[in-house]
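The values are calculated or read from the model by the stated rules, or taken from the named source; none is laboratory data. Treat the numbers as computed from the prediction; the structure is a model and nothing was measured. Cβ placement follows ideal geometry from the backbone for every residue including glycine, while neighbour counts extend to all protein chains displayed.
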Amino acid sequence: MSHGQLLPVSDKASPEGKALAEGLREIFYGMDVSVRRYATRCHCDPGTLSRYLNGTRVPPWPFVRQLFADLSAAKQRTVRAEVFDHVKSLHRSALQASNTDLYAVQLLQDQLEEADRQQQQAAIREQAFLEALQARQQRIADLETSRLELESALDTERSQRQRVSDDSQRQQKNSEEEIRRLREEISTLKEQIGLAHSAKLEMESRCGRCP
């Protein structure tokens, strides 16, 4: 069945089903493939695929996701986020109009995926803060070593009753100022890590409560 032979959107479809069908057809047309060939590719019955595309049946969300993935592969570019979100909204509305039980299950699945996504983001933020903290702690250790070396040199100079050079004094002062600044940054980072860790624990708790 070519695009020209694709049946029009069914008059029997609900308004929500018609809107979804139009959105799906736009994606399908972008791949320049026949219904039968695409049905074979995605291991779907051609009749079922036709019903998805004429609005008489709401496809499962994984099918719609795969449709987007196949379009991206065919066009060799990523589908715009606003297009994806729009079709997702059409799918949820059509599902709610056709089967409230499946709609409820899909909402729970959406909530679980969102909680998992937020948990992953919290873990990434926490790791980033930990790495930043480690880098600053290493910098402080290096500066402390430099400061001790400078103090040792100053003690030697004092014991020899020689004046400490202006450059050495300036370097010591700069090192101490940088140490104070980095310690303040570490304090801030520790607070941010605590917040990120709390967020991750909250997401893990939400994931655990999802069915």
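Worth a mention:
- Among (1) free of Cβ contacts under 8 Å to residues at least 60 places away in the same chain; (2) crowded, with 16+ Cβ neighbours inside 10 Å - the single one Ser98 does not satisfy: (1)
- Unique residue being touching a Cys at 6+ places or on another chain (Cβ under 8 Å) and modelled with pLDDT of 90 or more when the list is Gln106, Gln111: Gln111
- Output for region 177-197, where each listed residue is over 10 Å from Phe129 (Cβ atoms) and surrounded by 14 or more Cβ atoms within 10 Å (Cβ to Cβ): Glu178, Ile179, Leu182, Glu185, Ile186
- Selection status of Asn54, within 19 Å of Lys18 (Cβ to Cβ) and surrounded by fewer than 16 Cβ atoms within 10 Å (Cβ to Cβ): no
Rundown of residues vs (1) closer than 30 Å to Leu112 by Cβ; (2) more than 35 Å from the chain's Cα centre (by Cα), yes/no style:
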position	(1), (2)
Gln127	yes, no
Glu131	yes, no
Arg139	no, no
Leu150	no, yes
Asn174	no, yes
Arg180	no, yes
Glu184	no, no
Ile193	yes, no
Ala199	yes, no
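- Applying the criterion of at least 2 residues that are farther than 25 Å from Pro15 by Cβ to the helices (runs of 4 or more DSSP H) found wholly in region 30-134 leaves 35-41, 61-75.
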